[in-house]
């Protein structure tokens, strides 16, 4: 059946390996995008839309709020994984301001491939680079479908066990 | 407490702590809840427009965020809310209600910035020595039941999860984290987040 949007290629647990890199994305942080991001995240602190306030806090300009920094990772992961994969957990630490006017490079690599509680998982080691240095690091734990169950989007309960 | 009063109370931020306390008192409070038992119900029920506005920002192209039919094909109830949106956008408790003073006084300075956001139900802080400044450091979010179009998120709990006193290059204070849970309108757990911050007194400039 035809759909309004095309369905992207699917990544299956069977087909990935530790060390594989996922496609990276460069994000241009224009002032317009910063303002839209502040509204999109409902975070209206002037740190994220006011150059003077951002600089007073030690940044080079207004800078992305942590939830917006996390959005960059979601874009990269969701572009790659297809429609039948689900993120189970994310851990991140911000190490540099993501300032207006900068280009942020985001990429990831499969650091671990394993099975746990009936789920087929990979740990993606993620990294955002600002023009100066590493801006954010962490891990996205992604549950993937398998070749044995091609359209089985992983589900789990409150204890993290497949259901 | 009426919802609007609860939100106003949640917005009070700024310097905190008392000189009669040490970081040992803070450590002794690990595990205690500082939400006052309140539940913060998000203003917004997730809809097609709010999902589109969110996904446009960084150009999320995965169709599960845009199309009911594709989302349902993948086993979801409806269009999926991006996981990065749960903690902020779709748990936002609103910013102003009738009867409250303006949020936009012309003399508002940077110290008033914390008054703009309601994110987690808050009532008081753990006992701690006086500190003037706090910034975000790290976060862990676990996801459970998917969040989809039509859902309405509530945030509950603000449990002190960890305390690590430390002198850093910017000052003297402690790394502190609080844990909260996010549930949907059926009471199903959708996420559990632990947010860390460094709360401290900046070094005096020579």
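The values are calculated or read from the model by the stated rules, or taken from the named source; none is laboratory data. In this text, all values refer to a predicted model and were calculated from it rather than measured experimentally. Counting neighbours? That spans all protein chains shown, and the Cβs are built from the backbone with ideal geometry, glycine included.
When the range A:26-45 is filtered for residues that are modelled with pLDDT of 95 or more, crowded, with 20+ Cβ neighbours inside 10 Å and within 17 Å of the chain's Cα centre (by Cα), the ones remaining, listed by number, are A:27, A:29, A:37.
Is it true that some residue in the range A:68-78 is surrounded by fewer than 20 Cβ atoms within 10 Å (Cβ to Cβ) and either within 10 Å of chain B (Cβ to nearest Cβ) or under 25 Å from residue B:86 (Cα atoms) (or both)? Looking through the range A:68-78, none of the residues is surrounded by fewer than 20 Cβ atoms within 10 Å (Cβ to Cβ) and either within 10 Å of chain B (Cβ to nearest Cβ) or under 25 Å from residue B:86 (Cα atoms) (or both).
Residues in the range B:71-85 that are closer than 13 Å to residue B:190 by Cβ, touching a strand residue (DSSP E or B) at 6+ places or on another chain (Cβ under 7 Å) and not in a loop (DSSP other than H, G, I, E, B): B:80, B:83.
Of the strands (runs of 3 or more DSSP E) lying entirely inside the range B:113-206, those containing at least 2 residues that are surrounded by fewer than 17 Cβ atoms within 10 Å (Cβ to Cβ) span B:133-143, B:154-167, B:189-202. Between B:61, B:99, the distinction of being within 30 Å of residue B:122 (Cβ to Cβ) and assigned to a loop (DSSP other than H, G, I, E, B) belongs to B:99 only. If you go through the range A:116-147 and keep only what is loosely packed, with under 13 Cβ neighbours inside 10 Å and in contact with a helix residue (DSSP H, G or I) (Cβ under 8 Å, 6 or more places away or on another chain), you end up with just A:147. The set of residues from the range A:54-67 being more than 7 Å from every other protein chain (Cβ to nearest Cβ) and either assigned to a helix (DSSP H, G or I) or within 15 Å of residue A:131 (Cβ to Cβ) (or both) comprises A:54, A:55, A:59, A:60, A:61, A:63, A:64. Of all residues in the range B:86-96, those satisfying the criterion of being under 23 Å from residue A:141 (Cα atoms), modelled with pLDDT under 95 and either more than 11 Å from every other protein chain (Cβ to nearest Cβ) or not in a helix (DSSP H, G or I) (or both) are B:87, B:88. Looking across the range B:47-66 at every residue that is farther than 18 Å from residue A:68 by Cβ, in contact (Cβ under 8 Å) with a residue 12 or more places away in the chain and in contact with a helix residue (DSSP H, G or I) (Cβ under 9 Å, 6 or more places away or on another chain), the one that is farthest from the other protein chains (Cβ to nearest Cβ) is identified as B:48. Among the candidates A:50, A:157, which residue alone is more than 24 Å from residue B:57 (Cβ to Cβ) and within 13 Å of chain B (Cβ to nearest Cβ)? Being more than 24 Å from residue B:57 (Cβ to Cβ) and within 13 Å of chain B (Cβ to nearest Cβ) holds for just one of A:50, A:157, which is A:157. Report yes if some residue within the range A:2-17 is at pLDDT 95 or above, under 20 Å from residue A:130 (Cα atoms) and in contact with a helix residue (DSSP H, G or I) (Cβ under 7 Å, 6 or more places away or on another chain); otherwise report no. No, the range A:2-17 contains no residue that is at pLDDT 95 or above, under 20 Å from residue A:130 (Cα atoms) and in contact with a helix residue (DSSP H, G or I) (Cβ under 7 Å, 6 or more places away or on another chain). Here A:22, A:7 are screened, and the one residue that is more than 12 Å from chain B (Cβ to nearest Cβ), under 22 Å from residue B:74 (Cβ atoms) and surrounded by 15 or more Cβ atoms within 10 Å (Cβ to Cβ) is A:22. Per the conditions (1) in contact with a strand residue (DSSP E or B) (Cβ under 9 Å, 6 or more places away or on another chain); (2) at pLDDT 95 or above, the sole criterion not satisfied by residue B:127 is (1).
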